[in-house]
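Trainee: A single structure is presented below for examination.
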Amino acid sequence: MKLMSLQCPNCNSSVKQVGEGKFYCENCGTSFLADYDKEDVEVEKIKTEGKLRKEQLNEQLDKQRRADAIAKTNEETAKIVRIIVIVLVVVFLVIPGIVGVILSIFMVKSEYEQSKIRVQQEQASREQAKIDAEEKEKKEKEAREVQEAVEKKLRLDSFKIKPEDIMADSFFVDNATKSIETQLKDNSNLFYTNWEYGEPEYITSYILHAKNEDERTQNIVLSIYKVNWDKVYDDHTEHYVMYDGACLENVSYDENGKLKTDYEPHSMSYHSEIIANQFLSGYSDYDQLIRQEIYGNSDYNYTEFNMKGE
């Protein structure tokens, strides 16, 4: 066999083998054939015969493989059919029962879990309610203790009220004086046109502290006035003098440290004397007033002072 150039004789470019003894130039598109001699023909003949025998052998092997494949396929098909039948039986007979059992178990478990959750929630609710109640009771107790402490301090402080404490609170003194003088006028009980009521004349005041500890808030400020009445006639005037006063009870401190009272004074006594068939509240004898209203009040300790500061 002659050796031939692997370059294109037209463009001198490389060529590509595209078949048995065939070549092709990709540059210029020229095709070429190999030049075979007798020796090459013999070699090719031997190759061809060997190839034919190989093909015949492969064909026989293919037939045997196809026959084996068909037999295997038939066997597998029969097996699949049996499996399908078993599956159908399981699907229509066994699975519904299993599913029912599973659902029943699930439902029972679900109900149990829900019941357990409800019990836990109720228990948590009870515990929280208990905690809230304890917390509320604790806060209320603390509030009561604070209030009791404040009230106790106020009671103790109120019990210690001295005349100078009263005089230091001008607002209290002004209101107390006005209330007492108004009360004195209300006590005059003068309803005849020929009776004239003169302005009350302030004499003195007393602060009374209860001896009993349970009555410590019942501090009393008692102010005494001299009251003049005139009964006017055409030819003369009759003059009368009475000693009267009023009590301000529960004089104490408020939460702001200021003095307080109910500002509803009442007469120190409903003792009255008859003058010309006219009732006038009070005492005609000053010493009798002091003996009865101050010295004779054994439930209180007393201190005299001048509330008007004159």
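Trainee: Output the number of the condition that Phe32 fails; it satisfies all remaining conditions of (1) modelled with pLDDT under 75; (2) under 60 Å from the mean Cα position of the chain (by Cα).
Mentor: So Phe32 meets the others, but not (2).
Trainee: Here's something else I'd like to know. Looking at Thr261, is it among the β-branched types (Val, Ile, Thr), within 19 Å of Ile166 (Cβ to Cβ) and modelled with pLDDT of 80 or more?
Mentor: Spelling it out, Thr261 is indeed among the β-branched types (Val, Ile, Thr), within 19 Å of Ile166 (Cβ to Cβ) and modelled with pLDDT of 80 or more.
Trainee: Of the residues Phe172, Phe191, which is of a type in the set (A, V, I, L, M, F, W, C), at pLDDT below 75 and either in a loop (DSSP other than H, G, I, E, B) or surrounded by 13 or more Cβ atoms within 10 Å (Cβ to Cβ) (or both)?
Mentor: Exactly one of Phe172, Phe191 is of a type in the set (A, V, I, L, M, F, W, C), at pLDDT below 75 and either in a loop (DSSP other than H, G, I, E, B) or surrounded by 13 or more Cβ atoms within 10 Å (Cβ to Cβ) (or both), namely Phe191.
Trainee: Continuing with this model, one more query. For residues that are of a type in the set (Asp, Glu) and either in contact with a His (Cβ under 9 Å, 6 or more places away or on another chain) or assigned to a loop (DSSP other than H, G, I, E, B) (or both), tally how many sit in region 294-310.
Mentor: Of the residues in that region, 2 qualify.
Trainee: Still on this structure: What is the number of the single condition among (1) loosely packed, with under 12 Cβ neighbours inside 10 Å; (2) of a type outside the set (D, E, K, R); (3) modelled with pLDDT of 75 or more; (4) not in a helix (DSSP H, G or I) that Thr204 does not meet?
Mentor: Failed condition: (1).
Trainee: Separate question: Asp157 passes all but one of (1) at pLDDT 80 or above; (2) among the acidic types (Asp, Glu); (3) under 53 Å from the mean Cα position of the chain (by Cα); which number fails?
Mentor: Result: Asp157 passes all but (1).
Trainee: Now for a separate question. Residues being surrounded by 13 or more Cβ atoms within 10 Å (Cβ to Cβ) and either closer than 30 Å to Lys162 by Cβ or modelled with pLDDT of 90 or more (or both): count how many of those fall in region 215-238.
Mentor: The total comes to 13.
The values are calculated or read from the model by the stated rules, or taken from the named source; none is laboratory data. Worth saying up front: this structure is predicted, and the values here are computed from it rather than measured. With ideal geometry, Cβ positions are generated from the backbone for all residues, glycine too; neighbour counts draw on all protein chains shown.
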